[in-house]
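**Student:** This is the structure, below, for whatever I ask next.
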Amino acid sequence: MRDTEWVKVTRLRLKDEAFVRSKALQPACRLQAWKQNAYTKEGDMILGGAFIVHSEYSSTEATFKEEPLPISCEGFHVRYYRDVLGMVFAIEEINQTPDLLPNITLGFQIYDSCTYQIKAIGALFELLSGRQSAVPGYTCHSGPMPAGLVGEILSSISVPQARILGLYRFPQISYGSVLAALSDKLQFPSFLRTLPNINLQNIAMARLTGHFGWTWLGMIISDDDVGWQGGQDMKRVIEENGGCVAFIERIHLSYGREKLLHIIGMAQRHAVKIIVVHSCEVHFKNLIGFFAAQNVTDKVFVFTASFTMTLGLFPKQTWRLFNGSLGVAPHYAKIPGFEEFITHLDPLQDPNDVFIKLLWEKVFKCKWQRSMEAEFKTSLATHDISTPCSENQTFDKHDLLMFELFDLSYTYHAYLAVYAIAHALNSLMSCEPGRGPFVDGACADANNIQPWQVLHYVRTVNVSMPTGDELYFDKNGDALLAYDIFNVQIFSDDDIQLINVGSFDPQQDEEVNINTELILWADDSQVPHSVCTETCLPGHRKAAKEGRPACCFECILCSEGEVTDPGTDECIKCPAHKWSNEKHDQCIQKEIEFLSYEEPLGLTLAITAGLLSFLNASVLCIFIKYRNTPIVKANNRGLSYLLLVTLILCFLCSFIFIGQPRELTCLLQQTVFGVIFTLSVSAILAKTIVVVIAFRATNPNSSARKWLGSKTPSYIIFSNSMVQVLICGVWLLKSPPIPKLNFSSYVQKIIFECNEGDTIFFYLMLGYMGLLATVSFIVAFLSRNLPGSFNEAKLITFSMLVFVSVWISFIPAYLSTRGKYMVAVEVFAILCSSAGLLSCIFIPKCYIMLLRPEVNTREHLVSKTSLSSKQTTFSSKQMT
């Protein structure tokens with residue numbers, strides 16, 4: 001009995017120990033996970049794949065009362081499945097290539113994320129741990145551990161994947177994620193991609209829109225962090241290149257009718273013609289349907305590389321809205337043999353392909369037996385029973401249209417990613433011990449390859465592909481391949497083309513190369529026009545509107561003397577020698593102005609000067625002819641000749657002022673004028689003083705008798721003139737007048753004038769001449785009541801009054817005018833003052849000599865003198 005109890009106890013103890021040991025061998029915890037359907041193929045080395053095969057998913061709302069149901073993937077899309085086939089084709093091609101990974105067979109595990117991050121993360125943990133119930137930090141693979149991951153296409157999914165894989169330095173090569181942040185090797189140390197990051201794409205988009213003059217754009221982005229960050233970066237680059245973003249609206253596949261109508265309303269309200277779409281095509285699907293429903297067909301969409309152009313995803317009634325659109329996509333090349341590979345797909349040959357039956361149902365519009373049994377009950381009532389699928393069905397040319405083989409962009413990059421990892425593994429397996437890249441020249445253990453070792457080789461890949469492209473990664477893990485620019489051209493449901501119309505290669509230049517002749521726009525090949533404000537006409541500048549973007553502005557006519565700069569649309573001043581035309585679009589040569597003989601004013605003054613000179617000369621001839629008559633002798637014949645000659649010179653000096661200024665004429669203008677006029681006024685002063693001396697000398701006891709004679713007038717004239725000559729001489733030596741182009745007096749013309757140099761000499765000259773004239777006037781005025789035969793003082797008084805009045809009026813007139821009118825004022829003053837002297841002093845005498853000869857006798861003058869003398873004596877007595 002005791003033995004039996006002991007046996008029972010022993011058995012229980014052993015059983016408990018076995019239970020404890022089994023628990024100790026298991027991980028402490030597991031992550032709850034849903035079942036992941038993977039497309040697998042065994043091999044010596046395994047590559048992981050993360051793709052989108054279904055475009056949508058559905059899930060139940062979490063109640064936190066029961067275990068949530070797994071999500072359901074929906075919307076199998078042939079175009080997405082084509083990317084999976086690109087990876088499978090590349091692996092089969094590599095397995096058949098003897099020079100690449102010889103004697104090694106590549107296998108794969110490919111998962112479908114259905115655009116859902118949580119499902120993608122669950123698939124990633126299953127790939128890493130090797131079991132459906134993922135165990136973080138553990139590997140439970142019965143075979144080789146995956147050497148790397150190809151995928152994802154969406155940045156929003158690649159980011160969480162890259163954060164997890166970075167912990168293990170597990171190489172990940174994306175074939176479509178362009179988010180710039182993924183280039184940060186501190187956050188994502190094991191992430192690489194077969195295309196450039198979004199920064200280059202942003203430049204390409206800015207150059208593309210700028211190439212067509214589109215400055216007023218709308219922008220639609222996906223409603224996630226990736227869309228918002230990328231959208232803001234793109235907006236900044238577009239604005240730096242002269243464009244403006246009228247609005248940024250977010251979209252998501254979960255948005256309802258009200259939100260989508262709001263987005264369409266924004267596009268209509270801002271009157272944008274061009275809308276940039278920076279979003280996954282899945283989120284755009286519902287919005288484009290509302291564009292079609294609202295009959296908004298006047299928009300041209302420009303798609304970024306985040307948008308996979310796959311029209312099969314969208315209802316056919318929306319296809320017309322894509323016609324004429326442009327897009328930027330990673331550069332791709334034709335994959336030799338890929339189309340033939342697709343035509344030979346067979347569900348029986350690859351039973352592990354969990355997607356191929358969905359392909360069959362999609363292409364041939366049939367149902368497999370198990371699917372038909374599931375839908376039989378619901379379809380029986382309507383007699384809508386699908387055709388059964390058969391393995392014997394084959395693809396024809398029409399069926400291949402669903403694969404959209406006209407655009408292999410992302411499929412090609414998945415193909416490149418596989419080759420990058422394959423070449424990395426080939427280099428790893430070809431390592432010679434002692435020459436390896438690791439510590440002490442070590443190589444990786446072929447039987448225990450670590451992910452970080454594969455990552456090292458992937459980073460250094462440099463492969464020339466059979467397609468002609470060279471694949472390598474920069475220090476940020478980005479491949480420096482070009483972007484292609486495509487144009488969507490839809491002629492019918494069966495005739496859809498994505499035409500490559502240009503490219504953007506950052507390694508060559510930062511300009512887009514576009515063949516506009518290949519582009520087919522929706523509205524009869526006319527380039528769309530999208531601006532907030534039309535370009536200002538030439539001669540107008542931009543003026544910002546308060547609270548509006550820079551592209552919305554007013555056009556204001558440039559100011560006088562300014563024209564628009566073609567490069568900046570801003571007004572710039574014309575050079576000093578030019579002026580703006582009426583339209584302010586061109587600087588024209590300014591008119592050079594001076595008092596010329598060709599214009600009426602100059603010609604009139606010249607004719608007047610000539611006539612007055614002739615008149616003056618005629619008076620001189622008359623005086624010479626009648627030189628022996630009493631009236632000529634009585635008024636100091638020699639001084640009269642001198643005065644008449646100087647007056648002729650005064651009239652003639654006017655010609656120095658008329659015509660184009662030259663160095664010689666500028667030197668002579670003011671100095672000749674000043675000296676000659678001083679000589680004239682000195683002669684008048686001498687005549688006046690001689691009259692006074694002659695009258696005073698009639699008294700025998702007067703001391704004035706010693707001043708009688710011809711030397712006194714000569715001394716007066718010489719001394720007074722020499723003072724003016726001295727002033728003018730110093731002027732010419734110190735600051736001589738020179739010809740000068742005056743740009744400042746008038747804005748529309750250039751004044752060609754004589755720069756007077758130091759103006760103090762000019763005013764000294766005028767002041768001295770005015771002083772002599774004033775003295776002459778005073779002396780003549782005081783001697784106005786002398787006897788009649790000597791009474792030339794009255795005429796001199798009046799002539800000096802005219803002379804002084806003219807030159808006093810000249811000063812304000814001269815200072816208030818510019819250019820040729822300033823010269824004309826001075827010439828006019830010269831002529832008037834000279835004519836005043838001529839007419840007041842000599843014309844009355846000519847009148848007597850020519851028309852009253854009976855008065856021009858000695859008896860008449862003596863009698864008149866006697867009468868005047870008595871009147872003078874009587875007046876003196878009365879005053880006494």
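The values are calculated or read from the model by the stated rules, or taken from the named source; none is laboratory data. Just so we're clear, the structure is a prediction, and the values are computed from it rather than from any experiment. Every residue, glycine among them, receives a Cβ derived from its backbone with ideal geometry; neighbour counts consider all protein chains shown. The area values use the complete protein model at the heavy-atom level, side chains included, leaving out ligands, DNA and RNA. Shrake-Rupley method; radii C 1.70, N 1.55, O 1.52, S 1.80 Å.
**Student:** Set the Förster radius R0 to 30 Å, insert the Cβ-Cβ distance between LYS740 and ASP585 as r into 1/(1 + (r/R0)^6), and round the FRET efficiency to 0.05.
**Tutor:** 0.45
**Student:** Turning to a different aspect of this structure: Report the full-extension gain for the segment SER714 to LYS475: residue separation times 0.36 nm, less the Cα-Cα distance, to one decimal in nm.
**Tutor:** Details: separation 239, 0.36 × 239 = 86.04 nm, distance 10.33 nm.
So the chain would gain 75.7 nm between SER714 and LYS475.
**Student:** Given the -39500 (n - 2.57) contribution per DSSP H run of 4+ residues, what per-residue ellipticity at 222 nm results for the chain, rounded to the nearest 500 deg cm²/dmol?
**Tutor:** -14500 deg cm²/dmol
**Student:** Please identify the helices of the chain, taking whole runs of DSSP H, that span at least 20 Å along their own axis as judged from the Cα atoms and have a mean Kyte-Doolittle score of -1.0 or higher.
**Tutor:** The qualifying helices are 2-25, 78-95, 409-429, 600-625, 637-652, 663-696, 711-734, 759-782, 793-815, 820-837, 858-879.
**Student:** What order, most packed first, do the peptides 266-278, 53-65, 549-561 have when packing is the mean number of other Cβ atoms within 10 Å of each residue?
**Tutor:** Numbers: 266-278: 19.6, 53-65: 13.5, 549-561: 15.7.
For the peptides 266-278, 53-65, 549-561, the packing ranking is 266-278, 549-561, 53-65.
**Student:** In the chain, what % of DSSP beta bridges are antiparallel (nearest 5)? List each step's numbers first, then the result.
**Tutor:** On the way: 44 of 83 bridges.
In the chain, approximately 55 percent of DSSP beta bridges are antiparallel ones.
**Student:** Can I ask one more? Rank TYR626, PRO736, PRO351 by how far each Cα sits towards the positive end of the charge dipole of the chain (+1 on Lys, Arg Cβ; -1 on Asp, Glu Cβ) and give me just the farthest.
**Tutor:** TYR626
**Student:** Which percent of the accessible area of segment 451-517 is formed by carbon and sulfur heavy atoms (probe 1.4 angstrom)? Display every interim value, and only then the final one.
**Tutor:** Working: 1330 of 3240 Å².
Carbon and sulfur atoms account for 41 percent of the accessible area of segment 451-517.
**Student:** Once label points are set 7 Å from the Cα along Cα→Cβ at both LYS185 and VAL439, what is their separation, rounded to one decimal in nm?
**Tutor:** 2.1
**Student:** Same structure, new question: What share of Cα pairs, in percent, lie more than 20 angstrom apart in segment 253-376?
**Tutor:** Result for the distance tail: 59 percent.
**Student:** With every protein chain left in place, what is the accessible area per residue of the chain in square angstrom, probe 1.4 Å? It would help to have the intermediate numbers written out before the result.
**Tutor:** Working: 43040 Å² over 880 residues.
Normalised by residue count, the accessible surface of the chain is 49 Å².
**Student:** Kirkwood hydrodynamic radius for segment 73-209: how many Å is it when counted over pairs of different Cα atoms?
**Tutor:** Numbers: mean 1/r = 0.0606 Å⁻¹.
For segment 73-209, inverting the mean 1/r across all distinct Cα pairs yields 16.5 Å.
**Student:** Among 680-692, 802-814, how do they line up from the highest to the lowest mean number of other beta-carbon atoms within 10 Å?
**Tutor:** 680-692, 802-814
**Student:** How many angstrom lie between the Cα centre of segment 479-533 and the Cα centre of segment 627-654?
**Tutor:** 95
**Student:** So, with a 1.4 angstrom probe, what is the percent of accessible area on segment 255-338 that is carbon and sulfur?
**Tutor:** Looking at segment 255-338 in its full context, I get 51 percent from C and S.
**Student:** Could I ask something else about it? How large is Rg over Rh for segment 506-583, taking Rg from the Cα atoms and Rh as the Kirkwood inverse mean of 1/r across Cα pairs? Intermediate values should be presented prior to the final figure.
**Tutor:** Numbers: Rg = 17.8 Å, Rh = 15.8 Å.
My calculation of the ratio gives 1.13.
**Student:** Taking the inverse of the average 1/r across all pairs of different Cα atoms in segment 179-227, what Kirkwood radius in Å do you get?
**Tutor:** Values: mean 1/r = 0.0772 Å⁻¹.
In segment 179-227 this quantity evaluates to 12.9 Å.
**Student:** How large is the Rg to Rh ratio of segment 91-165 when both quantities use alpha carbon positions and Rh follows Kirkwood? Numbers along the way, then the final one.
**Tutor:** Working: Rg = 14.1 Å, Rh = 13.8 Å.
Using only Cα positions, Rg/Rh for segment 91-165 is 1.02.
**Student:** Would you work out what percent of the accessible area of segment 718-815, with all protein chains in place, is carbon or sulfur (probe 1.4 Å)?
**Tutor:** Reported share for carbon and sulfur atoms: 74 percent.
**Student:** Got a sec? Charge dipole of the chain, +1 on Cβ for Lys and Arg, -1 for Asp and Glu; which of PHE364, MET87, VAL296 is way out at the positive end?
**Tutor:** Comparing the listed Cα positions along the dipole, VAL296 ranks first.
**Student:** Moving on to the next point. If the chain between SER59 and ASN392 were fully stretched, how many nm would it gain, using 0.36 nm times the residue separation less the Cα-Cα distance?
**Tutor:** So the chain would gain 116.3 nm between SER59 and ASN392.
**Student:** Of the listed values [x] 28.2, 97; [y] 32.8, 124; [z] 54.1, 199, identify the label whose number matches Rg and Dmax of the Cα atoms in Å calculated from this model.
**Tutor:** Identified label for the calculated read-out: [z].
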